[in-house]
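Every read-out reported here was derived from the displayed coordinates using simple, explicitly stated rules and does not represent laboratory data. Here the structure is a predicted model, which means the values were calculated and not measured. Cβ placement follows ideal geometry from the backbone for every residue including glycine, while neighbour counts extend to all protein chains displayed.
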Amino acid sequence: NAGVTQTPKFQVLKTGQSMTLQCAQDMNHNSMYWYRQDPGMGLRLIYYSASEGTTDKGEVPNGYNVSRLNKREFSLRLESAAPSQTSVYFCASRKTVNTEAFFGQGTRLTVV
Amino acid sequence: QKEVEQNSGPLSVPEGAIASLNCTYSDRGSQSFFWYRQYSGKSPELIMSIYSNGDKEDGRFTAQLNKASQYVSLLIRDSQPSDSATYLCAVGSNNAGNMLTFGGGTRLMVKP
């Protein structure tokens, strides 16, 4: 099993460009999450999807949109990238509300 | 105020000592608690989960939960240099629609 797979691993964008970060899990998990992590800081929740067909805002949703394409896939879109969105982005998934989350390998995004 | 608080550290302990990591949370409806370890440049990986008041032991690790005080801790016995990492506390709440909120992390340094 691959677990949680994120693409791409690295990306450099110019200010104002758009891009979509992809995340897929093969563990039949119901819930999926997008976090960002800035240097020396913990994980801040951007958006999450408790189950297929639902999405909700987290702590820092501004500047992002998400799509829960199906049970396996949860994408994060930056419509107009800004330097403040330079960060490492992690996707995570978990089976149910009280189970542990598993993480992808992260996407290191730089906006110049 | 962040909902899950941790001392950022660094916490420095000598090899063989006990490292004590602490976490407080604000949502009294929280029902699941997790400790993750994150090495520099890597994804978080689960160490322990705890759901009930009291202690839970797994090898050199002990998680402690006190819901009345809204406090969860992680003890690492016989600390090794390989334990040097950032430790993230995560809290799950059914009240918040399956959100999983992380603290800022505590950086642990174990000195030989």
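Things to note:
- Selection of trypsin sites (Lys or Arg not before Pro), the range A:5-77, meeting DSSP coil and at most 12 other Cβ within 10 Å: A:LYS9, A:LYS14
- Lysine pair count for the protein assembly as shown with Cα-Cα distance under 23 Å and sequence separation of 8 or more or different chains is 11.
- Label point at A:SER84 placed 7 Å out along Cα→Cβ; residues across the range A:46-61 whose backbone nitrogen lies under 12 Å: A:60-61
- When both the range B:1-27 and the range A:23-83 are represented by their alpha-carbon centers, they are found 26 Å apart.
- The C-alpha atoms of the range B:1-58 occupy a region whose extents along the principal axes are 37, 28, 20 Å, arranged from largest to smallest.
- Simple Cβ-charge dipole of the range B:2-112, Lys/Arg +1 and Asp/Glu -1, about Cα centre, in debye nearest 20: 120
- In angstrom, the C-alpha Rg and Dmax of the range B:6-112 are 13.4, 44.
- Hull volume per residue, based on the alpha-carbon atoms of the protein assembly as shown and their convex hull, is 119 Å³.
- Measure of compaction for chain A (Cα Rg per 2.2 N^0.38 Å): 0.99
- The range A:40-79: GluC sites (Glu not before Pro) in DSSP coil with no more than 13 other Cβ atoms inside 10 Å: A:GLU79
- Point-to-point label distance, A:ASP26-A:GLU52, nm (Cα→Cβ direction, 7 Å offset): 1.8
- Shown is the FRET efficiency for B:LEU46 and A:SER18, computed with R0 = 45 Å from the Cβ-Cβ distance and rounded to the nearest 0.05: 0.85.
- Sequence-separation-based contact order of chain B, relative, with Cα cut under 8 Å and 6+ spacing, percent: 38
- Taking B:ILE50, B:ILE18 and counting other C-beta atoms within 10 Å, the order from fewest to most: B:ILE18, B:ILE50
- The residue among B:GLY54, B:TYR36, B:ASN66 whose Cα reaches farthest toward the positive pole of the charge dipole of the range B:19-112, with charges on the beta-carbon of Lys, Arg, Asp and Glu, is B:TYR36.
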